[in-house]
Amino acid sequence: MIIRSQRVVFDGAVRPASVHVHDGAIARIGGFGDVPGGEEIIECGDRVLMAGIVDSHVHVNEPGRTEWEGFGTATRAAAAGGITTIIDMPLNSIPATTTVEALYAKVEAMKGKCHVDVGLWGGAVPGNDDQLRPLLAAGALGFKCFLID
């Protein structure tokens, strides 16, 4: 499949281009006219075609404070703004994501609600150093910690 647009954001510039997709992944980016015969073509006209944005600092307050911001509203808003992945901060939800049990509670809370990809940070706080390796093994992408009192 080839996706063409007059405004492709690539390599620090906006220009006409064709995006060649094979097996669900971008194989290459070519000139606008680089369209071999027999390929399915999706024409985007002058709509901007760009890579998805990752927001690595999002406070989804679910579970525990879902009325402030839950996975449904946070990920719908992200998608509307061109964000394809959010990484949730660990310390605003109840429970805070500082244990494997809390990480699993967060994963359970997001089921069926996400409109974009979601990753989870773990929280490094005084007294949970024994949880850091298990949190990584359970799927936390890394850790947030404060370096002051």
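The values are calculated or read from the model by the stated rules, or taken from the named source; none is laboratory data. As the structure is a prediction and not an experimental result, all values here were calculated from the model. Because the Cβ atoms are built from the backbone with ideal geometry, glycine has one as well, and the counts that use them run over all protein chains shown. Areas reflect the complete protein model, heavy atoms only, side chains present, ligands, DNA and RNA absent. Shrake-Rupley method; radii C 1.70, N 1.55, O 1.52, S 1.80 Å.
Worth a mention:
- Each residue in the range 114-149 was checked for being open to solvent by 60 Å² or more (accessible area, probe 1.4 Å) and not in a loop (DSSP other than H, G, I, E, B), and 7 pass.
- Within the range 91-113, the set of residues being open to solvent by less than 40 Å² (accessible area, probe 1.4 Å), touching a residue at least 40 places away in the same chain (Cβ under 8 Å) and part of a loop (DSSP other than H, G, I, E, B) comprises just one member, 97.
- Some residue of the range 46-61 being of a type in the set (Val, Ile, Thr), open to solvent by less than 50 Å² (accessible area, probe 1.4 Å) and in contact with a helix residue (DSSP H, G or I) (Cβ under 9 Å, 6 or more places away or on another chain): yes
- Close pairs (6 angstrom Cβ cut-off, 6 or more residues apart or separate chains): more than 17 Å from residue 52 (Cβ to Cβ) and in a strand (DSSP E or B) in the range 1-21, among the charged types (D, E, K, R) and at pLDDT below 95 anywhere: 2/39; 4/43; 6/46; 18/4; 18/34; 20/28
- With respect to the stated conditions, residue 30 is open to solvent by less than 70 Å² (accessible area, probe 1.4 Å), without any contact (Cβ under 8 Å) to a residue 40 or more places away in the chain and over 30 Å from residue 109 (Cα atoms).
- From 73, 66, residue being at pLDDT 90 or above and not small (Gly, Ala, Ser): 73
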